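The values are calculated or read from the model by the stated rules, or taken from the named source; none is laboratory data. What you see is a predicted model, and the numbers here were worked out from it, not measured in a lab. Every residue, glycine among them, receives a Cβ derived from its backbone with ideal geometry; neighbour counts consider all protein chains shown.
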Amino acid sequence: MILVTGGAGYIGSHTCLTLLEAGYEVLVLDNLCNSKKESLRRVEIITGKKIDFIHADVRDIATLRKTFSRYSIEGVIHLAGLKSISESISFPLKYYDNNVSGSTALVQVMAEFKVHVLVFSSTAAVYGGATASPIQESSPLVATNPYGRSKLMIEQICSDVAKSNGSWGIAILRYFNPVGAHASGQIGEHSNDEPSNLMPNICRVAMRDIEPLEIHGNDYSTIDGTGVRDYIHVMDLAEGHVSALAWLKNNTGTHVFNLGTGHGFSVLEMVKTFEQVSGVSIPYKISPRRRGDLPAIYAETSKVEKELGWKAKFGIQSMCKDAWNWQKQNPQGYLN
């Protein structure tokens, strides 16, 4: 059985679906602070398979110990954590407590129960000081906000733990920009807070919930002046977790992998592609650059392709189409 912390969230629900389809039994532990249990119910309907669920915080060591005592857990995919950059700047202690303390508690209990296989959800935000793309796993690590620093701290904790005991196999996955949804439109990106990422806001504009789309800066040295990012379909991302889990069966130590497409697309390219696949116009306005934003960030993916045999399959047309399909069917997310 695989324990997925934060499994009811956006990436978590798609990863659970992919795990079930790959033949794994899945156990989810989630405090539902920014997710809905409805996502897991829908995954069960899509797959015809059951997910065991524990409503708890990953910082709750007593519940973690009960969970590992009760279930035969062979590996953990650790997705639980807070992820808003802007919120982390306003409430840094909240992020260090939740993300770092939660991860420390989880790894401690894993060690107690001799469960040494861990896939950790990190972020391309650890490359905050990058000046050129594509970004390699060996690129300098500089986090420019508490969210990114919390992830970098956890990476360091994982590395130290693996060095202390040769039984550990840990895959650190540095995500770039997840977008899209399952092709069924039954699961997708839901947030209890105002979304800050590009695709959810494009969808909100398409639904006329907000207008216009705010684009931060059009004077970068890019194809059209807007920021370029590496967008990856959430189903490709989910497959990356399953590939990492399988790879760890035969590999110990700590290993870092970028999960991206290896290609960058500008904000306006994403907007125009969305308009093409949806038939809906997306009005926008240009605002000043945000502090700390970089012109272009995209991944070097040769390492993950070579070692894990994983490669992103979906293009931006599929990303936009599937995101819109989810939004149309679920205008209020899981609150419909």
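Conditions tested, residue by residue: (1) surrounded by fewer than 23 Cβ atoms within 10 Å (Cβ to Cβ); (2) over 20 Å from VAL280 (Cα atoms); (3) among the aromatic types (Phe, Trp, Tyr).
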{"residue": "GLY180", "(1), (2), (3)": "no, no, no"}
{"residue": "GLY188", "(1), (2), (3)": "no, no, no"}
{"residue": "SER196", "(1), (2), (3)": "yes, yes, no"}
{"residue": "CYS203", "(1), (2), (3)": "no, no, no"}
{"residue": "ILE232", "(1), (2), (3)": "no, yes, no"}
{"residue": "HIS241", "(1), (2), (3)": "no, yes, no"}
{"residue": "ALA246", "(1), (2), (3)": "yes, yes, no"}
Against the condition under 20 Å from ALA181 (Cα atoms) and either buried (at least 17 other Cβ atoms within 10 Å of the Cβ) or in contact with a His (Cβ under 7 Å, 6 or more places away or on another chain) (or both), how does LEU259 come out, does it pass? yes
Where in the stretch 221-336 are the helices (runs of 4 or more DSSP H), entirely inside, with at least 2 residues that are more than 27 Å from GLY148 (Cα to Cα), at pLDDT 95 or above and touching a helix residue (DSSP H, G or I) at 6+ places or on another chain (Cβ under 6 Å)? 267-278, 316-329
Residue ranges of strands (runs of 3 or more DSSP E) in the stretch 1-59 with at least 1 members acidic (Asp, Glu), in contact (Cβ under 8 Å) with a residue 24 or more places away in the chain and in contact with a helix residue (DSSP H, G or I) (Cβ under 8 Å, 6 or more places away or on another chain): 26-30
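Please work out if ASN145 is of a type in the set (S, T, N, Q), touching a residue at least 12 places away in the same chain (Cβ under 8 Å) and farther than 22 Å from ASP57 by Cα.
In short, yes.
Condition check ((1) part of a helix (DSSP H, G or I); (2) of a type in the set (Phe, Trp, Tyr); (3) out of contact with any Pro (no Cβ under 7 Å at 6 or more places or on another chain); (4) surrounded by fewer than 22 Cβ atoms within 10 Å (Cβ to Cβ)) across all residues:
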{"residue": "LYS83", "(1), (2), (3), (4)": "no, no, yes, no"}
{"residue": "GLU87", "(1), (2), (3), (4)": "yes, no, yes, yes"}
{"residue": "VAL100", "(1), (2), (3), (4)": "yes, no, yes, yes"}
{"residue": "THR131", "(1), (2), (3), (4)": "no, no, yes, yes"}
{"residue": "ASP160", "(1), (2), (3), (4)": "yes, no, yes, yes"}
